[in-house]
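Read the structure below first, then the notes.
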Amino acid sequence: MTKPFQFKASDVKVEKRETVFQGFFRMDKLWLTHPRFDGGDMPVFTRELFIRGDATCVLPYDAERDQVVLLEQFRLGALGRTQSPWLLELVAGMNEDGESPEEVARREGQEEAGLTFQRLDKICDYLVSPGGSTEMIHLYCGRISTEDAGGLYGMEHEHEDIRAHVVSSEDAIAMIHDGRINNAAAIIALQWLELNRARLRRGWQ
């Protein structure tokens, strides 16, 4: 049986590339071809590619109190659906040039929730929507104390308006099961917490 990953990035031939939109985000159009699994080659075809840098997301977790901090803020992409476009999410931010994901995590923890991470445990890296976007998420769980957590945050010049909520782990996990939390980073992180919670409570205290 044929094994996966027989092709590499070098097997893709980009015939032409141009930027078709540049605003808050960027969109490129590519003309490309690549090998087929049957041994032939794809005819040249076009795709639009959403150019977006990598981002870092962190689930803040207090193992002693068994609580997480979730951020509520408006998200344009959720507008027009039956749900509220104010979502419960993780601490998150775009990676700037020269910044490590851990540096982004610590910066955004302060800016978005007033939190200082005592340690960061890596969960995973994942591609958000590889069919049309370049974005990679670096996902962490961050150790915090929720003693003074919660409140209003956000950077005015970035038009952020954020409310930080302290939520029990049980309630947060329940919200992914009933669909109230339906964004990928929060789902992945909370499911990871569900699997690793007992270990963190033993090892982080």
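Odds and ends about this structure:
- Residue, most open to solvent (accessible area, probe 1.4 Å), within region 150-185, restricted to residues that are part of a loop (DSSP other than H, G, I, E, B), in contact (Cβ under 8 Å) with a residue 12 or more places away in the chain and not hydrophobic (A, V, I, L, M, F, W, C): ARG180
- Of all residues in region 47-63, those that are among the acidic types (Asp, Glu) and part of a strand (DSSP E or B) total 2.
- Listed conditions (1) in contact (Cβ under 8 Å) with a residue 24 or more places away in the chain; (2) within 17 Å of the chain's Cα centre (by Cα) are all met by ARG106, apart from (1).
- Within region 6-36, the set of residues being at pLDDT 95 or above and among the aromatic types (Phe, Trp, Tyr) comprises PHE7, PHE21, TRP31.
The values are calculated or read from the model by the stated rules, or taken from the named source; none is laboratory data. What you see is a predicted model, and the numbers here were worked out from it, not measured in a lab. Please note: Cβ atoms are built from the backbone with ideal geometry, for glycine as well, and neighbour counts cover all protein chains shown. Accessible surface areas use protein heavy atoms only, side chains included; no ligands, DNA or RNA. Shrake-Rupley method; radii C 1.70, N 1.55, O 1.52, S 1.80 Å.
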